[in-house]
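One structure below.
Nothing in this text is a laboratory measurement; each read-out follows from the coordinates by a stated rule. For clarity, every value in this text was computed on a predicted model and none was experimentally measured. Reconstructed Cβ throughout: ideal geometry from the backbone, glycine too, with neighbour counts over all protein chains shown.
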Amino acid sequence: MATTDWTHQRLEQLRQTRVWRSIFRRGPARTNRTRSLAVFGNFALHTLPVKVREKSLSVRATYYLGSISFFLFVVLTITGVLLMFYYHPAVPDAYRDMKDLIYVVSNGVFLRNLHRLAAHAMVVAVFWHMFHVFYRGGYKPPHEFNWVIGVGLLMVTLFLSYTGYLLPWDQLAFWAITVGTNIISYVPVLGRPIRFLLLGGHIIGQNALLRFYVLHCVILPLAAVGLIGMHFWRIQKDGGITVRDDHE
Amino acid sequence: MSEKNTFEVGLSSDAVKHPRRIVFITRKTSAKVKEEVGPQLMSFPHVILRETIAFQFLAIVLVVLALFWDAPLEQLANPLLTPNPAKAPWYFLGLQELLHYFPPLVAGVLLPTLVVLALVVIPYFDINIEGEPLWGHRSSRRMKIYLGVFAVLFVLLALYDAWTVLVPTVLVGVFGLVPYFLPTSESRFLKFLGSQPLPWWVMTWFIAVALTLTAVGTFFRGPGWSWVWPWS
């Protein structure tokens, strides 16, 4: 108990310092006013509403699927950046880097496993989130446009996962992307030009790997961050998530 | 000094003499009609705490799985060596399964485009926003349409031998009929089915087909896209 008191006192002292107070201008979040300030005065939290309905916090209301999708995106960003340190988007260096991750890099296998698992889990979580929102009627006015943003996020998620699939440059990656990009060429008129643009050529080779790499690591994550920001912000602006009466 | 006011300002409180229309609310037609807000909680700390717990739970599950479930790595990519079957990532295997039955323009382009369009327009289709049960209203006329659509789908899918689409379609279609014939059933499951509106049935049908196709494409398809058992 004594140590808890000691820690508590040190923490209080820290809160009184000039540096701390320059970062967190409000005092300790003990009143509803300072708790409000804790949310809308904080860059990371300001997309959250200050207050939420108690019902909307029950597990069955959301299963936290939206949050879980976002957390998976965070995990993917962190593990993805770490993987970028060990990866060259070139043929056949990319494949050699995979071997290095397995045999040379400390915890390389774990890092790659985590990234792959989180990616598959994110596809599942985003789909599940969408179906759950549909069954709960969360798309109804005034939430129409946020549903549309959500469909956009689903597309970005699928495309992120798909572009990442090519990067190991093994047989699995190569032929999965071959099957997928062949489908694009069936689009009337525009099919072949789109495929050419995506692959940077007529075959899946060095250019395609580089394009998929840039899409996977720069363009699509930026698109995702923008859409996620809008998605969260709109929840607040549209008056919070839909809660149903029949839910206790 | 100005002149004395020659008029009087005031609100009549006699609603019978001077009725004033404020707003009409006909049933609960819109989420904009404010219902009881109910008890509220401050986001800080209540939401933050719950989200943190959710994140920790997720992190633990992910780490444990990542420790034991290794990501696959096959041989170096070789454009000259085509594996049989060559499979797309699992979330596109439903599409690949469709490609097995239908012409590529239909299965690869038309159907996915329609699905995405349908998802986008869902909230703008105002019909049935109250969630009226499928068989709640003019049920005999609806039954004719229902059976008509069902028959067209059945013939079309049978014509293309697309039986991995046909089976979930028939299943959901039959479940949709049950509450029509047993409207007074006491079973909780049938009561639940009977209270579902048309959009619920369409989405459930879509999910049933998508899940079946993905599962079949992932586990039950072998060389030449022939049927194989995952355990053999």
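Shielding of peptide A:128-140 by partners, expressed as the average count of other chain Cβ atoms within 10 Å per residue Cβ, is 4. Site-free segments of chain A were taken between trypsin sites (Lys or Arg not before Pro) in DSSP loops having at most 14 other Cβ atoms within 10 Å, sites themselves excluded; the longest one is A:31-243.
Projecting the Cα positions of A:V148, A:N207, A:T4 onto the charge dipole of chain A (unit charges on Cβ atoms of Lys, Arg, Asp and Glu, taken about the Cα centre) puts A:T4 furthest along the positive direction. Which of the chymotrypsin sites (Phe, Trp or Tyr not before Pro) across region B:48-129 are loop residues per DSSP, with 16 or fewer other Cβ within 10 Å? For chymotrypsin sites (Phe, Trp or Tyr not before Pro) across region B:48-129 that sit outside H, G, I, E and B with at most 16 neighbouring Cβ atoms in 10 Å, the list reads B:W69, B:F125.
If you build a Gaussian network model of chain A, linking Cα atoms that sit under 10 Å apart, which residue out of A:V179, A:V123, A:V19 swings the most? Looking only at A:V179, A:V123, A:V19, the largest GNM fluctuation is found for A:V19.
Can you list which of the chymotrypsin sites (Phe, Trp or Tyr not before Pro) found in region B:134-227 are DSSP loop residues with at most 13 other C-beta atoms within 10 Å?
Those that pass, being in a loop and sparsely packed, number zero.
The length gained by stretching the chain between B:F154 and B:L190 to full extension, at 0.36 nm per residue less their Cα-Cα distance, is 10.5 nm.
Panel note: the C-alpha atoms of region A:70-151, placed on their principal axes, show extents of 53, 22, 17 Å (largest first). Looking only at A:S161, A:S67, A:S106, which one moves most when chain A is put into a Gaussian network model with springs between Cα atoms under 10 Å? The residue that fluctuates most here is A:S106. Sparse packing (at most 13 other Cβ atoms within 10 Å of the Cβ) combined with a DSSP loop state is found for the following chymotrypsin sites (Phe, Trp or Tyr not before Pro) in region A:72-106: A:F85.
The calculated 222 nm mean residue ellipticity attributable to helices in chain A amounts to -21500 deg cm²/dmol, summing -39500 (n - 2.57) over DSSP H runs of n ≥ 4 and dividing by all residues.
Rounded, prolate or oblate: which fits the protein assembly as shown, taking a ≥ b ≥ c as square roots of the Cα gyration tensor eigenvalues, rounded meaning a/c under 1.5, else prolate when a/b beats b/c? Oblate. Candidates A:T181, A:V133, A:V81 compared by Cα position along the dipole of region A:58-237: farthest toward the positive end lies A:V133, with charges placed on Cβ. Separation of region A:191-235 from region A:76-140 is 15 Å, based on Cα centroids. Around the Cα centre of the protein assembly as shown, unit charges on the Cβ atoms of Lys, Arg, Asp and Glu (plus for the first two, minus for the last two) sum to a dipole of about 1300 debye. A P(r) calculated from all alpha carbon pairs of region B:140-215, with 10 Å bins opening at zero, reads 18, 48, 29, 6 percent.
Annotation: amide H-H contacts under 5 Å for B:R221 (H modelled 1.01 Å from N, sequence separation of 5 or more, or interchain): B:V228.
An ellipsoid equivalent to region B:70-201, defined through the eigenvalues of its Cα gyration tensor, has semi-axes of 38, 17, 16 Å when rounded to whole angstrom and sorted largest first.
Quick note on region A:58-237: its Rg to Rh ratio, both from C-alpha atoms and Rh being the Kirkwood radius, is 1.01.
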